[in-house]
Amino acid sequence: MTIELDRETERLINVELGTGKYRDAGALIEAALKHYLPRGDKRQVPAGRGAAVSNAERFQALRGRIEQAGIPLLDDQQLREEIGERKGVRS
């Protein structure tokens, strides 16, 4: 699998690899995914192989959970209005 990373993510991976804790980028990503994926997630990360979940996929998953919980998602203007109402200010 080939993935494109932004410079900051690539820098963070290189810093972690420099510690010697991980044998390669795949091992680092595998460890990160195992740590951060929800415990009930049935997906398996193949042993010895790295995997990546794109920001867009994580965003869509989170958005789905928020919507399932019935929490309204506000755009910028709606958010400003909500904050203003809570502070007693009208926009």
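The values are calculated or read from the model by the stated rules, or taken from the named source; none is laboratory data. Treat the numbers as computed from the prediction; the structure is a model and nothing was measured. Glycine gets a Cβ as well: all are built from the backbone with ideal geometry, and neighbour counts include every protein chain shown.
In the range 49-59 there is no residue matching the filter, namely being of a type in the set (A, V, I, L, M, F, W, C), at pLDDT 85 or above and either under 15 Å from the mean Cα position of the chain (by Cα) or not in a loop (DSSP other than H, G, I, E, B) (or both). Search the range 56-67 for residues that are surrounded by 10 or more Cβ atoms within 10 Å (Cβ to Cβ) and pair each with any residue that is at pLDDT below 75 and assigned to a helix (DSSP H, G or I) when their beta-carbon atoms are under 7 Å apart and the residues are at least 6 apart or on different chains. Nothing qualifies.
Based on what the data block shows, is Gln77 modelled with pLDDT of 85 or more and exposed (fewer than 14 other Cβ atoms within 10 Å of the Cβ)? So Gln77 fits the description; yes. Tallying residues that are modelled with pLDDT of 80 or more, of a type outside the set (Gly, Ala, Ser) and over 28 Å from the mean Cα position of the chain (by Cα) within the range 80-91 yields 3.
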